[in-house]
Every structure is written in C-alpha cells, then in structure tokens.
Amino acid sequence: GILLLGGLGVGFTVYYLYKVGTQTSTTPTTDQTQSTANWKTYDNSRYGFSIKYPKTFTATNSVNGDGVTLTSTSPAITIRTSGALNLDNQSLDDYLNSVRADLFSGVQSGEETYAHDTTLGGVSAQERRWQYVNSVDGTLTIEDQVTALKNGNFYTIDMVIGYSDYSQYAPMFDLVLQNFKFQ
C-alpha cells in the first residue's frame, strides 16, 4: 500500500512539473516590459502601425514608405516590417503560400517547419517559419514571419537569422511582435 501511494505521489509530481513547465504566457512579464522600456519606436504613417525594437539595431526606412528594415551584425539578424495593399484580393493563406514559393525559388533546399494561427496587434494572423540553405553563403537560415490581413492590407513582420542563432534570439523577436500596434 505504501509503495502504491508513493508511486502515485511521484507520478502526480512528475505530471504537475511537466504541465507547469510546458505552459507559456503571451502576456509580457514585468521583466519583459522593463526590457523593452529603452527600445526605439518605429511609426509608419502610410499604413498606420508602430513597433518597438532593440536600440542595437540599425533602421533603414523603405523608399516607398511601406516599412522598415532593422539589422544587427553580431549575430546577423534582419527584421523587416511592412504594410502592403492586397491588390490581388488574396486570402492570407494564398498570400503566405506565394511568399513561400518566391522564397524557395531562389534557394537550393527549403522547407516550411512551422505554421499556426496567432495574432498581430490584436488582429488574427498566421505565423510561418521556413528553413533553407542561403544561396549567398551556404548557411542554414530560418525566416520566421507573422502576417495579418486587416482592411485590405497585409501587415508583416519577419526575422531572418542563422539556424544556430535562432533559439537564442527568438524571444527577442517575440517581444518585437508583442509590441506591434495599429494606430
């Protein structure tokens, strides 16, 4: 009887620790909020959105005013955010499938490794993650993209980063996503 109770107790403890360890929160913690307090803000008046981003990134505005490209050199990270008119009246799925086709047309090998529904600025969105061999330098690269369709416009934030650096910098990208706001 004692062994049975002990076994049940250990089983419950393992189950509880597993459940607690696998739960995630989409609400920024106090530490996350404080960590973005000194970040810079990019405002896009053409498409009516803003994001916060680490001050260590260099921002380059697009020529046509649709967004910004943020770059960091150590490690090499590119984050792009933009708005675009839905000129072809595409669904979000159709748009993302065409983005994937365009991306894979110029690479040696690639695959979609992740796809799920999410939100961007409180609007329904989709996140897609693609992995491919960069044709310029031959490195394994990840592109993580979140796109929403709102009022006839696509809104996209994506991060391009080397495979070996992705897991370390994915939480920073999540904070950028959480700080996307429609004006």
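The values are calculated or read from the model by the stated rules, or taken from the named source; none is laboratory data. What you are looking at is a predicted structure, and each value in this text was computed from that prediction instead of being measured. Every residue, glycine among them, receives a Cβ derived from its backbone with ideal geometry; neighbour counts consider all protein chains shown. Ligands, DNA and RNA are excluded from the accessible area calculation, which covers all protein heavy atoms including side chains. Shrake-Rupley method; radii C 1.70, N 1.55, O 1.52, S 1.80 Å.
If you scan the stretch 125-183, which residues turn out to be among the charged types (D, E, K, R) and surrounded by fewer than 18 Cβ atoms within 10 Å (Cβ to Cβ)?
At the first step, the residues of the stretch 125-183 found to be among the charged types (D, E, K, R) are 127-129, 137, 143-144, 150, 158, 165, 174, 181.
Hits for the stretch 125-183 are ASP137, ASP165, ASP174, LYS181.
Mind checking which residues of the stretch 138-169 are within 10 Å of the chain's Cα centre (by Cα) and at pLDDT below 95? Full working, then the answer.
Step one: of the stretch 138-169, the residues within 10 Å of the chain's Cα centre (by Cα) are 143-147, 156-160.
Those that are within 10 Å of the chain's Cα centre (by Cα) and at pLDDT below 95: none in the stretch 138-169.
Considering only the stretch 111-124, how many residues are free of Cβ contacts under 8 Å to residues at least 60 places away in the same chain and open to solvent by less than 40 Å² (accessible area, probe 1.4 Å)?
To start, the set of residues in the stretch 111-124 that are free of Cβ contacts under 8 Å to residues at least 60 places away in the same chain comprises 111-119, 123-124.
Cutting the leftovers down to open to solvent by less than 40 Å² (accessible area, probe 1.4 Å) gives us 123.
So the count comes out to 1.
Only residues that are of a type outside the set (Val, Ile, Thr), part of a strand (DSSP E or B) and out of contact with any Pro (no Cβ under 7 Å at 6 or more places or on another chain): list them for the stretch 145-169, please. Break it down stepwise before answering.
Of the stretch 145-169, the ones of a type outside the set (Val, Ile, Thr) are 145, 148-155, 158-159, 162-169.
Subsequent filtering for residues that are part of a strand (DSSP E or B) retains 145, 148-150, 153-155, 158-159, 162.
The answer is GLN145, ALA148, LEU149, LYS150, ASN153, PHE154, TYR155, ASP158, MET159.
Identify, from the list ARG80, ARG100, the residue that is open to solvent by 80 Å² or more (accessible area, probe 1.4 Å) and either farther than 18 Å from MET159 by Cα or in contact (Cβ under 8 Å) with a residue 24 or more places away in the chain (or both).
Criteria check complete, one pass: ARG80.
Does THR156 qualify as being of a type in the set (Ser, Thr, Tyr), in contact (Cβ under 8 Å) with a residue 24 or more places away in the chain and within 24 Å of SER35 (Cα to Cα)?
On the way: of a type in the set (Ser, Thr, Tyr): yes; in contact (Cβ under 8 Å) with a residue 24 or more places away in the chain: yes; within 24 Å of SER35 (Cα to Cα): yes.
The answer is yes for THR156.
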